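Notes for the one structure printed next.
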Amino acid sequence: MRRPRAFTLLELMVATVTVTMVAGAVAGFLGTFHRALRLQDVRAAAIVRTAAVQAHVSRLLLESRMLLEQGQQRTLLWLPSEMLEDSGSGAESAFDLINLTAGELHWLLFEQESDGTWSLKEAVVDAATIPAGQGDRYFSVDANYWNSVFEDLHAAGQLTIFPIAEGLAPMARDGVVAAAPRFTYGTASICTNRALGIEFAFMRERLDDAGELTGEEELRLDVRLDEHLPFPDIHPICGGGS
Amino acid sequence: MSIVRGAFTLVECLVALVIVAMAAAAASTAIGSGIAAQEDALRITLAAACAESRMTQALTTDYGTVPNLAGHEEPGALLASDGTAMPGLMEEMGRRTTVAAEPQAIPGFAGLVLTGWQITVTVYDLDEDGGERELAVLRRFRPETWEETQGASP
């Protein structure tokens, strides 16, 4: 009976090298495949979130009549519930009265999270927390006044704050990264401004093989959005009309 | 009686390798196409923002000065509504703005004609051959308001 011949050392070595090369090629291909899919996910998220921010802000501005506060990280949109021509002017007129429980004030704000990323959020007054008879505020063009209204409501827990977009970063322009995402305005005066600019970026860091962040940018998408007030109502206090 | 077990022949191994290579190539092509399509979607999204930015300027500037916005901005020369440069991918886009005086008749209101500007903004980028590739077109009508006919801002 013929005895089966065993593999020679050379055959085993060739087989080992071949298997290793094939395994390496497969692993490389799978790695590339995985990175490509991840990049697709990141890009898809950036597209969807950019569109979501634009749609959300556009809708708010469509209903807004003025921007009452114009800060770099916070802006206040005024959505009065009455028409200017119905209310007249003067300290006691309905147009001057802003009731906190009527949903007329909407803040947009950029806030930095504990992980260093930024979020674009909207804050509205939680009407249920405003005691009866304490909701009246009167129109003012004083930015400090509106800042104090926000700070007081925030400190008292009377605001509902929800995110519009998370995981944001400051925008880069000509290779220089800004300190923070920000709002810009057509003019510095709330009486004449009709335009709101929003600058931010989506930035994702590359992961190493262990799934740890490497500090290198995998994707950076710098976004500049410009929106305007289609139906502004300049308050009589500014010397304008409807 | 001994059983003879046949190993794979060289041809079988080569056929298997070709099949695996073809499958890998197909997967790579699919992924590549997906990434290219997403890149286009990204550019179209940003182009729409570039067009909206110009439209913001056209709808917020003084009525009489709207025609001054007509013109062509080359890639790299795009400005936001506050005069700052557009960032990143937006910087690679060009923009054309046309403004035409086109009175609009209102259906259902015989004889009512609104005067105003028909504003068209087209945003494009350049393909590998340097040709223009249209990404977004925005058209809006800005009517002349009663206040504007009196010389006041809207």
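Quick note: the coordinates plus some simple rules give every number you see, no bench work behind them. A quick note: this is a predicted structure, and the numbers were derived from the prediction, not measured. When we count neighbours, we look across all protein chains shown, and the Cβ atoms used for this are built from the backbone with ideal geometry, even at glycine.
Summary of values
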quantity	calculated
Value of [θ]222 nm, deg cm²/dmol, for chain B, DSSP H segments ≥ 4, -39500 (n - 2.57) each, nearest 500	-13000 deg cm²/dmol
Estimated dipole of chain A in Debye, rounded to 20 [Cβ of Lys and Arg +1, of Asp and Glu -1, Cα centre]	1740 debye
Principal axis dimensions, the protein assembly as shown - Cα atoms, whole angstrom, descending	116, 53, 43
Two-decimal log10 I(q)/I(0) for segment A:9-238, as the Debye equation yields it once each C-alpha is a single scatterer, q = 0.07, 0.08, 0.09 Å⁻¹	-0.35, -0.42, -0.50
Projected-area average for segment A:162-212 over all orientations - Cα convex hull basis, square nanometres	5.9 nm²
Per-residue ³J(HN,Hα) for segment B:111-118, Karplus 6.51 cos²θ - 1.76 cosθ + 1.60, θ = phi - 60°, Hz, x for Gly and Pro	x, 8, 10, 9, 8, x, 9, 8
Ranking of A:66, B:86 by count of other Cβ atoms within 10 Å, fewest first	A:66, B:86
From phi via Karplus (6.51, -1.76, 1.60), per-residue ³J(HN,Hα) for segment A:172-183 in Hz, x at Gly/Pro	9, 10, 6, x, 9, 8, 5, 6, 7, x, 7, 9
Sorted by Cβ density within 10 Å, fewest first, the residues A:98, A:198	A:98, A:198
Whole-Hz couplings from phi, Karplus 6.51/-1.76/1.60, listed for segment A:118-135; x for Gly and Pro	10, 10, 9, 10, 10, 10, 10, 6, 7, 4, 5, 8, 8, x, 4, x, 10, x
Long-range amide H partners of residue B:82 with built H, under 5 Å	none
Modelled label reach - residue B:145, point 7 Å along Cα→Cβ, segment B:61-105 residues with backbone N closer than 14 Å	B:61-64
Where Rh is the Kirkwood radius over Cα pairs, Rg/Rh for segment A:118-242	1.08
Residues with amide H under 5 Å from that of residue A:217, placed H, sequence gap 5 or more	A:206
C-alpha long axis of helix A:143-155 to longest principal axis of chain A, angle in °	60 degrees
Cα centroid of segment B:26-62 to Cα centroid of segment A:23-46, whole Å	23 Å
Whole-Å distance, taken between Cα centres, linking segment A:137-200 and segment B:94-154	30 Å
Residue A:177 versus residue B:98: modelled label distance in nm, points set 7 Å from Cα along the beta carbon direction	4.3 nm
Dipole-positive endmost among A:19, B:7, A:75 within the protein assembly as shown (Cβ charges, Cα centre)	B:7
Exposure proxy order (Cβ contacts within 10 Å, fewest to most) of A:138, B:124	A:138, B:124
Residues with amide H under 5 Å from that of residue A:71, placed H, sequence gap 5 or more	A:76
Relative compactness, segment B:69-154, computed as alpha-carbon Rg over 2.2 N^0.38 Å	1.41
Helix B:10-60 vs. chain B, principal-axis angle (Cα, 0 to 90°, nearest 10)	10 degrees
Computed Kirkwood radius, in angstrom, where 1/r is averaged over Cα pairs of segment B:1-118	19.9 Å
Degrees between helix A:9-63 axis and first principal axis of chain A (Cα, 0 to 90, nearest 10)	10 degrees
Extended-chain gain in nm, criterion 0.36 nm per residue less alpha-carbon gap, residue A:217 and residue A:35	64.2 nm
Sites residue A:210 and residue A:140 - FRET efficiency at Förster radius 41 Å, r taken between beta-carbons, to 0.05	0.15
Distance (nanometres) between label positions extended 7 Å along Cα→Cβ at residue A:11 and residue A:44	4.9 nm
FRET efficiency, 1/(1 + (r/R0)^6) with R0 41 Å, evaluated for residue A:25 and residue A:114 via beta carbons	0.45
For residue A:206, net neighbour charge (Lys/Arg +1, Asp/Glu -1) across residues whose Cβ lies under 15 Å away	-3
